[in-house]
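Notes follow the structure.
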Amino acid sequence: MKLPHKAHVVLVDGENFVVMRNKGQPFEPNLELVGRPDLSLTNFSAGVRHQDPGSQQPERNDLNELARAAAAAEWLNAKAIAGEIDQVLVIADPKKLGEMRRHYHTELEKRLVGEIPKTMIHDTTDRIAEAITAA
């Protein structure tokens, strides 16, 4: 995958939200940490979809994790609307990525350069850059 110079890369899992930036070239990403924004978990709308008994099991549905994904999307929406993010790549496990997509604003959608459905939050920046290049 081609990752534009200065594009943001966000990594999301059920407990963490990390923002990085590509200071390298499009086909040779070099990621630097921008920050770990503190998110307020206020959107628990995912619970509406999980009313059947099978999805009530804790290992299958953790509303706090889905609320963190929604909060990450809302944070990205605000940055995209304010013009603080021009290009962004989202890396999250498939379940969190699906929840985030439900909350994407059209301004954020315009700025997405890609999505990678993987859990990589604890990987090194070199491994993340390799995954981006291979995607």
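The values are calculated or read from the model by the stated rules, or taken from the named source; none is laboratory data. Predicted model only: the values in this text are computed from it and were never measured. FYI the Cβ positions are ideal-geometry reconstructions off the backbone, even for glycines, and counts take in every protein chain you see.
The selection criterion, being within 24 Å of A135 (Cα to Cα), loosely packed, with under 15 Cβ neighbours inside 10 Å and modelled with pLDDT of 90 or more, holds for D86.
Out of the residues in segment 81-104 that are in a loop (DSSP other than H, G, I, E, B) and of a type in the set (D, E, K, R), which is farthest from K118 (Cα to Cα)? Per the criteria, the residue is E84. Kindly indicate which of E99, E32, E15 is among the charged types (D, E, K, R) and modelled with pLDDT of 95 or more. E32 is the lone residue from the list that is among the charged types (D, E, K, R) and modelled with pLDDT of 95 or more.
Go through the residues of segment 70-80 one by one and say whether even a single one is within 13 Å of the chain's Cα centre (by Cα), closer than 20 Å to E15 by Cβ, acidic (D, E) and not in a helix (DSSP H, G or I). Within segment 70-80 (the criterion being within 13 Å of the chain's Cα centre (by Cα), closer than 20 Å to E15 by Cβ, acidic (D, E) and not in a helix (DSSP H, G or I)), the answer is no, since none of the residues qualifies. Of the residues making up segment 102-111, those that are buried (at least 16 other Cβ atoms within 10 Å of the Cβ), free of Cβ contacts under 8 Å to residues at least 60 places away in the same chain and within 11 Å of A73 (Cβ to Cβ) are Y104, L108. When L112 is tested against the conditions (1) at pLDDT 95 or above; (2) more than 11 Å from the chain's Cα centre (by Cα), the lone failure is (2).
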